[in-house]
Amino acid sequence: MNEHARFAGGRGPIDPFLDPLDAILADIAINCQLPPGLFAKATARYEAVRTYIERPGSPLGGKVICFYPQGSMAIDATISTRGTDNEYDLDIVAELDIPEWMTPSQALDVLEEALKDYPVQAVERHTRCITLRYADHMHLDITPSRRLKTPKDRESVIFHAKKSETPDNHKSVPTNAWAFGHWYHGRTPTEERFALALNQRLYESAGLAFKADADVHDVPEQAPLIIKSVTTVALQLIKRFLAIAGDPGASGAPPCAGTPTDWVALLSFFATKPMLGIVISGTAPPARAAVTKSSAADPLWP
């Protein structure tokens with residue numbers, strides 16, 4: 001972002017619209033955000049789904065230990081699924097009180113049964129999740145998990161069971177989406193003036209009022225800060241670039257960000273690119289990526 005528009009302490013740009021290039025990037029970021037109205041709707045649907053899964057008579061009644069967002073939803077980096085439309089993909093982990101002997105297929109079976117007849121356009125079974133599709137193009141991917149008996153908070157396994165494969169190919173996959181969300185937020189604190197300036201523009205583009213003093217803590221509950229840090233906006237711009245650039249599996253293409261390690265690899269890949277490296281760091285890119293998979297050695301890494 002523009003160096004001449006930084007405030008004391010170098011915590012971030014005062015106004016992301018002062019420089020023409022910054023203004024273009026900011027407008028792109030705003031256009032691929034989850035709009036404020038859909039943000040509120042997504043939050044309501046998130047709560048409604050958990051209530052439905054735990055309803056009386058459900059096979060998972062009283063068996064949902066924790067229900068939390070993962071991926072882009074957890075780190076406030078959600079964009080439209082294809083980058084050019086209004087389809088939004090939101091990811092949720094349903095940590096279940098299920099026995100260790102339960103197979104991956106059975107874990108998905110019981111969640112699918114618990115969501116049967118949920119009032120949406122479609123309930124779809126996939127390899128690792130159950131997808132709820134809404135008429136307004138939003139869809140929630142709900143991934144069942146079982147917590148492991150380890151010291152790390154929320155360390156779990158999720159379940160891989162593709163219907164076209166034999167049970168021998170089904171497996172449990174270690175994960176800790178909860179810890180990754182905390183790790184990411186701990187390293188991307190809210191940059192107040194940047195957040196206020198960009199959120200004001202976002203709310204105004206949706207025809208909504210957004211009024212707050214310079215202190216981000218004064219933002220009213222009905223107008224939450226959807227955009228919080230320069231780093232997360234840079235990540236959203238990278239995701240937008242990937243969405244319109246073509247097949248991410250093509251030769252020489254960047255890694256697909258599906259796991260915590262993938263997110264780090266993705267940032268590393270683009271940190272070495274001349275233009276997007278500047279977006280990530282706010283300065284000329286280093287000879288090699290500043291963020292690498294060696295971050296996994298960090299004691300706070302999940």
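Report the local net charge at ARG128: Lys and Arg +1, Asp and Glu -1, summed over other residues whose C-beta lies under 14 Å from its C-beta. Don't skip to the answer; put the middle values down first.
On the way: positive: ARG125, ARG146, LYS162, LYS163, LYS171; negative: ASP89, ASP91, ASP109, GLU112, GLU124, ASP141, GLU165.
Neighbourhood net charge equals -2.
Quick check on region 38-175: of the DSSP beta bridges with both residues there, what percent are antiparallel, nearest 5%? Show your work: numbers first, answer last.
Working: 23 of 31 bridges.
So the antiparallel bridges in region 38-175 amount to around 75 percent.
Looking at region 172-213, which trypsin sites (Lys or Arg not before Pro) are DSSP coil and have at most 16 other C-beta atoms within 10 Å of their C-beta? List each step's numbers first, then the result.
Details: sites: ARG187, ARG193, ARG201, LYS211; in loops: LYS211.
Passing sites in region 172-213 are LYS211.
Can you sort VAL120, VAL230 from fewest to most other Cβ atoms within 10 Å of each residue's own Cβ? Don't jump to the answer; show the numbers that get you there.
Working: VAL120 18, VAL230 22.
In increasing order of surrounding Cβ atoms, one gets VAL120, VAL230.
From zero outward in steps of 5 Å, how is the percent of C-alpha pairs of region 38-175 spread across the bins?
Answer for region 38-175: a P(r) of 2, 10, 20, 23, 20, 15, 8, 2, 0 percent.
How would VAL157, VAL173 line up from fewest to most surrounding beta-carbon atoms within 10 angstrom?
The most exposed by this proxy come first: VAL173, VAL157.
Below 8 Å between Cα atoms, with a sequence gap of 6+, how large is the relative contact order for region 38-175 in percent?
Relative contact order here is 20 percent.
Taking the Cα centre of region 38-175 as origin, sum charge times position over the Cβ atoms of Lys and Arg (+1) and Asp and Glu (-1), and report the length of that vector in debye to the nearest 20. Could you put the intermediate results ahead of the total?
Numbers: 18 positive and 21 negative charges, 43 e Å.
Using only the charged Cβ atoms, the result is roughly 200 debye.
How charged is the neighbourhood of ASP97? Take every other residue with its Cβ under 15 Å from the Cβ of ASP97, and add Lys/Arg as +1 and Asp/Glu as -1. Write out the running numbers ahead of the final one.
Numbers: positive: ARG50, LYS63, ARG146, ARG147, LYS149, ARG154; negative: GLU54, GLU95, GLU100.
In short, +3.
For region 160-203, state which GluC sites (Glu not before Pro) are in a DSSP loop and have at most 16 other beta carbons lying within 10 Å of their beta carbon.
Loop-located and lightly packed - GLU165.
Where the centre of each part is set by its Cα atoms, how far does region 32-48 sit from region 164-201, in angstrom?
Computed from Cα coordinates, the inter-centre distance equals 17 Å.
Using modelled backbone amide H atoms (1.01 Å from N, in-plane), which distant-in-sequence or interchain residues come within less than 5 Å of PHE159's amide H?
Amide H neighbours of PHE159: VAL173.
Using Cβ counts within 10 Å as a stand-in for footprinting exposure, how do GLU100, GLU124 rank, fewest first?
On the way: GLU100 9, GLU124 15.
Lowest count first: GLU100, GLU124.
Every number here is computed from the coordinates shown, using simple stated rules; none is lab data. The structure presented is a predicted model; accordingly, all values stated were derived computationally and were not measured. Note: ideal-geometry Cβ built from the backbone for every residue, glycine included; neighbour counts use all protein chains shown.
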